[in-house]
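Presented below is the structure to which this report refers.
The values are calculated or read from the model by the stated rules, or taken from the named source; none is laboratory data. Just so you know, these numbers come straight off a predicted model, no measurement behind them. Positions of Cβ are backbone-derived with ideal geometry, glycine not excepted, and every protein chain shown enters the neighbour counts. Areas reflect the complete protein model, heavy atoms only, side chains present, ligands, DNA and RNA absent. Shrake-Rupley method; radii C 1.70, N 1.55, O 1.52, S 1.80 Å.
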Amino acid sequence: MLLAIDIGNTNLVIGCFRDDKILFKARIATDRTRTSDQYGVEIKNMLEAYGVKRSDIEDCIISSVVPPVFNSVRTGVIKIIGKQPMVVGPGLKTGLNIHVDVPSQVGSDRIVIAVAALAEYKAPLLLMDLGTATTIEAVEPDNVYMGGVIIPGVRVSLDALTSRAAQLPGISLDQPKQVIGKNTVDCMRSGMMYGTAAMIDGLVERMEEELGHRCTLIATGGLAQFITPLCKREIILEKDLLLKGLNIIYKKNKK
């Protein structure tokens, strides 16, 4: 059984694979103050909650975009399974041709998502991840990773707005009933949700114009299921791209 962990700015996404099937998926809040012992206990408890024994874990792969947390999680995993996990980074085979200025600066989560998408869909692709940040990346035929855009995520934008505007309250990100809000909360909710959807529509149009052709649109991330229905273009929702990509990369590099 393979333990796959993606360390994001907001959550650790944890999953287990057996014969390329996801047995379970769970999230643990990312906390920069936790020690390796604390992360080890959290991961161990999560495994046990889903009926997975430590002895069932044959190996582990980790991707991370949070350097201060990575070592604590890796050390915690070693204490649980007694093995060094595989780490997504330079030197691993991914099958991607990365055409950016500094390939080593591309976030490991961007690489993992692209690998997973290419395993199921034909390029050209525009891949969106709606989490702490909203990202859109372009992948062309022959597995060419072209780069993309990075935007503040929906919750990050909302937190910035409410912290800087004294009269604007904190709100939940429910789907708005209409674009034109009739009260402060509805106006904020519409701005956040429809505003993000309109931004995605506009960026997709500009990116396709720059590429010279239309692309298949795929979205993942915690907020994708709420934003993509508000977009004008058809967008395929794939909730497990990160975990699927980690499993694929592990198999490409397993000795």
If amide H atoms are built 1.01 Å from N in the plane of the peptide, which residues on other chains or at least 5 residues away come under 5 Å of the amide H of ALA219?
MET128, ILE236, LEU237, GLU238
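Starting from 0.36 nm per residue, how many nanometres of slack lie between SER55 and GLN225 once their C-alpha separation is accounted for? Mind dumping the intermediate values first?
Values: separation 170, 0.36 × 170 = 61.20 nm, distance 3.52 nm.
Stretched out fully, the SER55 to GLN225 stretch lengthens by 57.7 nm.
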For a quick check of understanding: with a 1.4 angstrom probe and all protein chains in place, what accessible area in square angstrom does SER157 have, to the nearest ten?
40
Nearest 10 degrees, 0 to 90: helix 67-81 Cα axis against the chain principal axis
40
For segment 236-252, take each phi angle, set θ = phi - 60°, evaluate the Karplus expression 6.51 cos²θ - 1.76 cosθ + 1.60, and give the result in whole Hz per residue in order, putting x for glycine and proline.
7, 8, 10, 6, 10, 4, 4, 5, 4, x, 4, 5, 5, 5, 4, 5, 5
Table column - 3J(HN,Hα) (Hz), segment 143-156, Karplus curve with 6.51, -1.76, 1.60, x for Gly and Pro
6, 8, 8, 8, x, x, 10, 10, 10, x, x, 4, 5, 4
Of the listed links LYS44/LYS255; LYS21/LYS177; LYS25/LYS182; LYS79/LYS255; LYS44/LYS93, those spanning more than 32 angstrom between alpha carbons are LYS21/LYS177; LYS25/LYS182
Extension gain from GLU210 to ALA119, taking 0.36 nm per residue of separation minus the Cα-Cα distance
30.3 nm
What net charge is computed for the residues neighbouring GLN225, neighbours being all others with C-beta under 12 Å from the C-beta of GLN225, Lys and Arg scored +1, Asp and Glu -1?
0
Pop out the carbon and sulfur fraction of the accessible area of the chain as a percent, whole number, probe 1.4 Å.
49
Enumerate the calculated ³J(HN,Hα) couplings along segment 30-40 in order (Karplus 6.51 cos²θ - 1.76 cosθ + 1.60, θ = phi - 60°), each rounded to whole Hz, writing x wherever the residue is Gly or Pro.
6, 9, 5, 8, 6, 8, 4, 5, 5, 5, x
So for the pair SER157, LEU23, with labels modelled 7 Å out along Cα→Cβ, what separation do we get in nm?
4.0
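Among the listed pairs LYS53/LYS239; LYS53/LYS122; LYS232/LYS254, which have their C-alpha atoms separated by more than 31 angstrom in this model? Walk me through the intermediate numbers first.
Details: LYS53/LYS239 25 Å; LYS53/LYS122 37 Å; LYS232/LYS254 41 Å.
From LYS53/LYS239; LYS53/LYS122; LYS232/LYS254, over 31 Å: LYS53/LYS122; LYS232/LYS254.
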Segment 100-255: equivalent-ellipsoid semi-axes (sqrt of 5 x gyration tensor eigenvalues, Cα, Å):
31, 17, 14
